[in-house]
Amino acid sequence: VEWINEFEVVKDLGMGSFGTVKLVRDSKSGDLYAMKVFDKEKLRNKWIGATNMLEDVEKEIKILKLMDHPNCIKLYEVLDNPENEKLFLRLEYCEGGQSMLFDAPLISRMNTWFSTAPFSMDQISVEPLSEDTARRYFIDLLDGLEYMHDNNIIHRDIKPENLLLTKDGKVKLADFGTGQVLSEGEDTIAFSPGTPAFLAPEACRKGQYSGRAADIWAAGVTLYTFLHGRSPFICANPLQIYKMIREEPIGFSSHLSPDCRDLLRRLLDKDFRRRIKMKEIREHPWILQGSAE
Ligand code: ADP
Ligand code: MG
Ligand code: MG
């Protein structure tokens, strides 16, 4: 790389609206890392509501520094030279990130298929995962999410494309830019943008809601997506998706085991007061089936 001499770019890993992620190699050790690159000038000029995007990146860094868990992406270093217009986060590299259900372009297409052109289901769906594989991934997700919640951090953008797969098939949570750090014991957060198809019903309205319960809903939509190969909320009109999330009953594949369908139903309970809690998920028969093996 011309900007940081010790690292050479191997390839592009991903692209967000405010940064790119590149696979880099440490020229001395040969070790691989994911380098998330931000353009500071662009961030400074970009506002979403009252939030400047540079503040968002600072929050992402703050959260990354607070965390230390095998199911959360590790931050090794922040490279922020005042003379350089770019800011770099050197992150742990997850090389299985491109597996089909985690395919970012595909998932984005599923989430934002807001076109007037007709589309067919096979354009927005992939082969579902088996219950066993989905359970393994989901338990990894739970481990990371429980750690965050125990440390008073809400993720707010749980979805397949923010889950990364390691070489040996472990799932890690990534992308903490939309996260929120709460004070001890606090649970409510205000409206946050997130990704429409993964927003909890109570988060589609104005006002305060439980951050933890909304993350659990998004984990439920993610598990649904693993098991069906597509998101439960697909509609051609962006304004209708919120109504769909709030009002429309969700159907589950009849191929799924009764325990599996029961867990999905409880995760995707539209009433957040009744929705299953982290502790109860751990004790659910479908989850326990995994630890019995
Ligand atoms: P954004 O905030 O722009 O969504 P992300 O942190 O989610 O950025 O990264 C964008 C994409 O880059 C991810 O969906 C993933 O495909 C890829 N990516 C990010 N971090 C890593 C990593 N540590 N290892 C492998 N791929 C990654
Ligand atoms: Mg992301
Ligand atoms: Mg982000």
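The values are calculated or read from the model by the stated rules, or taken from the named source; none is laboratory data. All of these numbers come straight from a predicted model, not from anything done at the bench. Backbone-built Cβ (ideal geometry, glycine too); neighbour counts: all protein chains shown. Side chains are part of the model used for accessible areas, which takes the heavy atoms of the whole protein and leaves out ligands, DNA and RNA. Shrake-Rupley method; radii C 1.70, N 1.55, O 1.52, S 1.80 Å.
The GNM of the chain, with springs linking C-alpha atoms under 10 angstrom apart, assigns the highest mean-square fluctuation among Asn162, Asn52, Asn151 to Asn52. As a ratio to 2.2 N^0.38 Å, the alpha-carbon radius of gyration computed for the chain takes the value 1.00. When the residues Arg136, Arg261 are ordered by accessible surface, computed with a 1.4 Å probe over the protein chains alone, the sequence from largest down reads Arg136, Arg261. Accessible area per residue for the range 15-56, computed on protein heavy atoms with a 1.4 Å probe, is 57 Å². Positive contributions from Lys and Arg (+1) and negative ones from Asp and Glu (-1), summed over other residues with Cβ under 14 Å from the Cβ of Arg266, come out at +3.
The order of Lys62, Lys46, Lys167 by accessible area, most exposed first and with a 1.4 Å probe, is Lys167, Lys62, Lys46. Surface composition of the chain: carbon and sulfur atoms hold 51% of the protein heavy-atom accessible area at a 1.4 Å probe.
For the range 190-293, the solvent-accessible area of protein heavy atoms averages 47 Å² per residue (probe radius 1.4 Å; ligands and nucleic acids excluded). The gain in end-to-end length when the Ser253 to Ser125 segment is fully stretched comes to 44.7 nm, 0.36 nm per residue minus the alpha carbon separation. About the centre of its Cα atoms, the chain shows a dipole size close to 820 debye [charges on the beta carbon of Lys, Arg (+1) and Asp, Glu (-1) only; nearest 20 debye].
Assuming charge only on the beta carbon of Lys and Arg (+1) and of Asp and Glu (-1), the dipole of the range 224-293 about its Cα centre is about 300 debye to the nearest 20.
Could you let me know the centre-to-centre spacing of the range 229-272 and the range 49-66, using Cα atoms, in angstrom? Rounded to whole Å, the Cα centres lie 31 Å apart.
Charges were assigned to the Cβ only: +1 to each Lys and Arg, -1 to each Asp and Glu. The resulting dipole of the range 174-293 about its Cα centre is roughly 360 debye. Taking θ as phi - 60° and the Karplus parameters 6.51, -1.76 and 1.60, the scalar couplings of the range 162-174 work out to 9, 10, 10, 9, 8, 4, 8, x, 8, 9, 10, 6, 9 Hz in sequence order, x denoting glycine and proline. Under 5 Å from the amide H of Thr188 lie the amide H atoms of Gly211, each residue being 5 or more positions distant or on a separate chain, with H modelled from the backbone and absent for Pro and chain starts.
Projecting the Cα positions of Ala200, Gly179, Asn52 onto the charge dipole of the chain (unit charges on Cβ atoms of Lys, Arg, Asp and Glu, taken about the Cα centre) puts Ala200 furthest along the positive direction. Residue by residue, the range 65-78 carries 3J(HN,Hα) couplings of 6, 6, 9, 8, 8, x, 9, 10, 4, 8, 9, 8, 6, 10 Hz when phi is fed to the Karplus relation 6.51 cos²θ - 1.76 cosθ + 1.60 (θ = phi - 60°); x denotes Gly or Pro.
Full extension of the segment from Ala190 to Glu6, taken as 0.36 nm per residue of separation minus the current Cα-Cα distance, would add 62.0 nm. All distinct Cα pairs of the range 134-272 go into the 1/r average, and the inverse of that average, the Kirkwood radius, is 15.4 Å. Across the range 132-141, computed HN-Hα scalar couplings (Karplus, 6.51 cos²θ - 1.76 cosθ + 1.60, θ = phi - 60°) run 5, 5, 4, 5, 4, 4, 5, 5, 4, 4 Hz from first to last residue, x flagging Gly and Pro.
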